[in-house]
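Here the structure is laid out as structure tokens; the discussion comes afterwards.
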Amino acid sequence: MKPDVRKISEGLVAGRFLELARAISLVEQDDPAVNDLLAEIYSSTGRARIIGITGSPGAGKSTLVAAMTRHFRRQGRRVGIIAVDPTSPFTGGAILGDRIRMADLYTDRGVFIRSMATRGFLGGLARATNDVVDLLDAGGFDIVLVETVGVGQDEVEVIRTVQSNVVVLVPGMGDDIQAIKAGIMEIADVFVVNKADRPGADRTVTEVTTMMSLVEEHGDWLPSIVKTVASKQQGIEELDQALDAHFNYLRTSGELDRRNRERVRIRVETYLKESFLRKLIDETLGRDAYDATLEDVLGKRVNPQGAALAMLEKAGL
Ligand SMILES: Nc1nc2c(ncn2[C@@H]2O[C@H](COP(=O)(O)OP(=O)(O)OP(=O)(O)O)[C@@H](O)[C@H]2O)c(=O)[nH]1
Ligand SMILES: [Mg+2]
């Protein structure tokens with residue numbers, strides 16, 4: 001049955017869960033109606049605070065997301081949660097555990113939780129995630145929390161499109177800090193040292209501080225460091241304050257505008273790349289001709305650039 005785009009978008013913007021869930025399913029299935037739907041709701045987006053929560057497996061991201069959500073709910077804010085997990089083919093035990101830990105949130109009408117755990121999303125996981133962020137934003141959620149492990153191209157792309165990024169560390173992971181330094185230090189706006197009930201939390205704070213003094217690409221914002229015990233709801237008020245301070249910085253420095261522009265650019269270009277390749281390969285050249293050309297490259301009869309140029313020429317570009 002063809003989805004009634006108007007009905008879904010109206011219900012969604014009015015804050016109804018049924019239509020929101022329906023809309024998200026359409027995005028996940030890459031339904032042909034999705035573009036109309038996203039076009040309908042786009043003018044209602046732009047109000048939500050979009051916050052990324054990134055960190056190693058088991059660092060306590062989901063527990064922290066739950067703790068933050070309870071905190072935001074007490075302030076009367078509605079919270080949308082997207083857990084991005086591109087590696088697991090099934091939603092699996094972690095999500096089941098999350099469901100039990102977050103049972104109170106699953107029954108709260110001011111909270112919407114969705115995990116995007118399907119491998120090889122049609123149209124790309126990053127694009128689907130951004131589309132779901134739009135749906136939650138249009139649905140009136142004040143805050144959208146996006147949990148990712150932060151590895152892999154899709155996830156990095158997701159991280160690059162949020163407004164504030166929280167990087168979750170745990171005590172006693174000196175080597176891990178070294179390992180993540182290259183990728184994640186630069187994108188962190190706020191560091192959380194979670195599981196601060198374990199020994200070594202202060203040492204980790206010191207290590208991060210030292211490490212940050214070596215990274216130069218922060219602009220005017222020096223990432224703050226907050227200690228939390230997510231499982232006991234401790235440090236969450238401080239984290240909220242750190243995020244507020246970061247948001248104030250974003251607004252007053254013009255950085256928010258810059259990030260929003262960057263987000264728009266990445267999203268448009270991602271879509272262009274996908275659509276362009278799909279059109280070129282499937283419609284203009286034909287999949288068989290395309291595969292034959294790849295064989296030619298493999299057989300050294302033509303070089304990669306030459307093959308690409310010949311394809312563009314054939315398409316009249
Ligand atoms: N001691 C202690 N344990 C915690 C804390 N926060 C979370 N945990 C525990 O750490 C384990 C992992 O927590 P999760 O929230 O599932 O971690 P995650 O980062 O979401 O894990 P993945 O989604 O699988 O990458 C769970 O058993 C939590 O109860 C904390 O502050 N202190
Ligand atoms: Mg998790």
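Is one or more of the residues making up region 9-32 in contact with a Ser or Thr (Cβ under 8 Å, 6 or more places away or on another chain), open to solvent by 40 Å² or more (accessible area, probe 1.4 Å) and at pLDDT 90 or above?
yes
Checking Ser224 against (1) small (Gly, Ala, Ser); (2) in contact with a strand residue (DSSP E or B) (Cβ under 6 Å, 6 or more places away or on another chain); (3) under 29 Å from Val27 (Cα atoms): exactly one of these is not met. Which one?
(3)
Step by step: first the residues of region 225-249, then only those that are part of a helix (DSSP H, G or I) and either in contact with a Lys or Arg (Cβ under 7 Å, 6 or more places away or on another chain) or of a type in the set (Ser, Thr, Tyr) (or both), then the one that is most open to solvent (accessible area, probe 1.4 Å). Which residue is that?
Of everything passing the filter in region 225-249, Ser231 is most open to solvent (accessible area, probe 1.4 Å).
Restricting attention to region 36-72, which residues are hydrophobic (A, V, I, L, M, F, W, C) and more than 16 Å from ligand 2 (Cβ to nearest atom)?
If the condition is that a residue be hydrophobic (A, V, I, L, M, F, W, C) and more than 16 Å from ligand 2 (Cβ to nearest atom), then Leu37, Leu38, Ala39, Ile41, Ala48, Ile50, Phe72 are the ones that fit.
Any residue at all in region 20-35 that is within 16 Å of ligand 2 (Cβ to nearest atom), touching a Gly at 6+ places or on another chain (Cβ under 7 Å), in contact (Cβ under 8 Å) with a residue 12 or more places away in the chain and over 22 Å from Gly110 (Cα atoms)?
Scanning region 20-35 turns up no residue that is within 16 Å of ligand 2 (Cβ to nearest atom), touching a Gly at 6+ places or on another chain (Cβ under 7 Å), in contact (Cβ under 8 Å) with a residue 12 or more places away in the chain and over 22 Å from Gly110 (Cα atoms).
Which ones in region 229-246 are closer than 21 Å to Asp142 by Cβ, in contact (Cβ under 8 Å) with a residue 40 or more places away in the chain and more than 22 Å from the chain's Cα centre (by Cα)?
Residues satisfying the conditions are Gln233, Glu237.
Going through region 279-301 one residue at a time, which ones are in a loop (DSSP other than H, G, I, E, B) and open to solvent by less than 70 Å² (accessible area, probe 1.4 Å)?
Of everything in region 279-301, those that are in a loop (DSSP other than H, G, I, E, B) and open to solvent by less than 70 Å² (accessible area, probe 1.4 Å) turn out to be Gly286, Gly299.
Out of the residues in region 23-57 that are acidic (Asp, Glu) and part of a helix (DSSP H, G or I), which is nearest to Asp257 (Cα to Cα)?
For region 23-57, the residue satisfying everything is Glu40.
Hey, Asp154 hits all of (1) at pLDDT below 90; (2) open to solvent by less than 10 Å² (accessible area, probe 1.4 Å) but one; which does it fall short on?
Looking at each condition in turn, Asp154 falls short on (2).
Inside region 26-44, can you point out the residues that are out of contact with any Leu (no Cβ under 8 Å at 6 or more places or on another chain) and more than 16 Å from Ala138 (Cα to Cα)?
Glu28, Asp31, Pro32
The values are calculated or read from the model by the stated rules, or taken from the named source; none is laboratory data. For clarity, every value in this text was computed on a predicted model and none was experimentally measured. All Cβ positions, glycine included, derive from the backbone under ideal geometry; neighbour counts span all protein chains shown. Heavy atoms of the whole protein, side chains included, go into the accessibility calculation; ligands, DNA and RNA do not. Shrake-Rupley method; radii C 1.70, N 1.55, O 1.52, S 1.80 Å.
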